[in-house]
Amino acid sequence: MNYYSLNNKHHQASYQEAVIQGLAPDRGLYFPSQTTPLPQSFFDSIESLSNEEIAFEVIQQFVGTEIPELELKQIIAETLCFDFPCVPVEDNVYSLELYHGPTMAFKDVGARFMSRCLAYFNKDKEQNNTVLVATSGDTGGAVASGFLGVKGVQVVILYPSGKVSDIQERQLTTLGQNITALEVDGVFDDCQDMVKKAFLDDTLVHKNLTSANSINIARWLPQMFYFFFAYKQLKKYNKPLIVSCPSGNFGNICAGILAKKLGLPIAHFVASTNINDTVPQFLQNGKYEPKPSIATISNAMDVGNPSNFVRIQEMYHNDLNEFKKDFSSYTFTDAETKFALQNIHVNTGYIAEPHGAVGYLGLKKELQNQSNSMGVFLETAHPIKFLDIVEPTLNIKLPIPSQIKSVLDKDKVRIKIKSYEDLKNYLIN
Ligand SMILES: *Cc1c(COP(=O)(O)O)cnc(C)c1O
């Protein structure tokens, strides 16, 4: 399979090159050159297939022959080692829980898949890759856990001092082995800037730096699986399906749109955002105006310039009207989000967390226009990951799941840095 750079169609790369580079040399995001819809027989019998079988059918054309069938199946089996239940919340409203993985964040799937692809590509090489990530909380833990012990890959995670929760910090700093955590004296944007600078720094070329956020195709593409798993569970109701994704960098929803291109019968998408409303604004007035991010209680979605949006525009040929037929986008405040958390809990007993609640609100809004449909919102993190919000808002105490317990009594190990020079010195030595 070939990928082209969204900055220049003539710049092409193989799957392996695209995964190892992250971004194209011209700084463009990679996009698959072709997508071939899956056969009708696949959708007719999807409920009789295992998640692993579905995932293999979905991803194989994007990997091509670069990873042999048996190895790819093994990678998928290791990636999908947990459940993805679609839980009824209200009439015609379901929560697709993506948080049953090792770090209880939906990013586990992409991180596990990408790390194992890199390990496969490195297996006969002397060379190492260094994965460099900046995290505002959730990504770092999933990447750390997903890449732990993977041969030939060093992982360096930058996080802002005092800005991530205690649980998140422990998930980043207690693993050891090939994972190093750098505590940055600054905010998330400072971490992000340092990472960007490192990618452009010629003196670090020999480090083979790559990124592990959703700009990397190996982290982005496996997110298609979720939409197939939702359809598999909801197909029996035989109603048009609306999917609402709580969106930040728009990687998840962009994968959903690609799944639709493969033939998955999703009637409509909702991109639900917090007050970082660049995309809802764009749908309203046709102007795409990135802005600095604003801090909210759904902080994994505090993104003012969503990096995957160019991929979505590519799929709709930059045609806003074509795009609007399949896609709505709504923005919600923190007060609305907390109110939704309470309402869901009081009326149904279901415990959501802030990101899922934003997804729920967007879904409810869209269902008002499409009353014959049913809908699913993605619950992207376990409530325990956002306990500072969930516990006081719902006035409850959450039990601590075993995945989280296992990191609570370990010691945090991290290196404190202040500047780009500190990062560079660390990487070189
Ligand atoms: C990353 C993340 C999101 C946003 O996903 P995108 O693919 O960046 O739109 C939503 N919720 C949680 C909990 C996340 O960690």
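The values are calculated or read from the model by the stated rules, or taken from the named source; none is laboratory data. Predicted model only: the values in this text are computed from it and were never measured. Ideal geometry is used to build each Cβ from the backbone, glycine not excepted, and the neighbour counts take in all protein chains shown. What goes into the accessible areas is simple: the full protein's heavy atoms, side chains included, and nothing from ligands, DNA or RNA. Shrake-Rupley method; radii C 1.70, N 1.55, O 1.52, S 1.80 Å.
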Practice prompt. Rank-order 416-423, 219-226, 17-24, 309-316 by packing density, defined as the average count of other C-beta atoms within 10 Å over each peptide's residues, highest first.
Written response: 219-226, 17-24, 309-316, 416-423
Item to complete: Go through the range 206-214 residue by residue and turn each phi into a ³J(HN,Hα) via Karplus (6.51, -1.76, 1.60, θ = phi - 60°); whole Hz please, and just put x for glycine and proline.
Response: 5, 7, 6, 6, 9, 9, 10, 9, 6
Fill in: Cα centroid separation, the range 357-429 to the range 216-277 (Å)
19
Practice prompt. Could you please report the charge total around Asp302, scoring K, R as +1 and D, E as -1 over all other residues with beta-carbon less than 12 angstrom from its beta-carbon?
Written response: -2
Worksheet item: Which whole-number value in Å² is the accessible area per residue of the range 192-314, probe 1.4 Å?
Response: 34
Worksheet item: How large is the helix-only mean residue ellipticity at 222 nm for the chain, computed as the sum of -39500 (n - 2.57) over DSSP H runs with n ≥ 4, divided by its residue count, in deg cm²/dmol to the nearest 500?
Response: -12500 deg cm²/dmol
Worksheet item: What percentage of the solvent-accessible surface of the range 1-136, computed with a 1.4 Å probe over protein heavy atoms, is contributed by carbon and sulfur atoms?
Response: 46
Worksheet item: Ranked highest first by the average count of other Cβ atoms within 10 Å around their residues, in what order do 81-94, 188-201, 137-150 fall?
Response: 137-150, 188-201, 81-94
Discussion item. Give the aspartates and glutamates whose C-alpha is closer than 20 Å to that of Lys235, dropping any in the same chain fewer than 8 places away, or say none.
Written reply: Asp44, Glu47, Glu52, Glu53, Glu57, Asp83, Glu90, Asp91, Glu97, Asp326, Glu366, Glu379
Worksheet item: Once amide H atoms are built 1.01 Å from N in the peptide plane, which residues 5 or more positions from Val131, or in another chain, come under 5 Å H to H?
Response: Gln154, Val155, Val156, Thr210
Worksheet item: Can you pick out the pairs among Lys207/Lys418; Lys239/Lys364; Lys151/Lys196 whose Cα atoms lie more than 19 Å from each other?
Response: Lys207/Lys418; Lys151/Lys196
Discussion item. Heavy atoms of the protein only, probe of 1.4 Å, neighbouring chains included. What is the accessible area of Tyr120 in Å², nearest 10?
Written reply: 50
Fill in: Residue-normalised accessible area of the range 81-162, given per residue in Å² at a 1.4 Å probe
29
Item to complete: Take each of the peptides 390-402, 97-109, 43-55, average the number of other beta-carbon atoms within 10 Å over its residues, and list them starting from the highest.
Response: 97-109, 43-55, 390-402
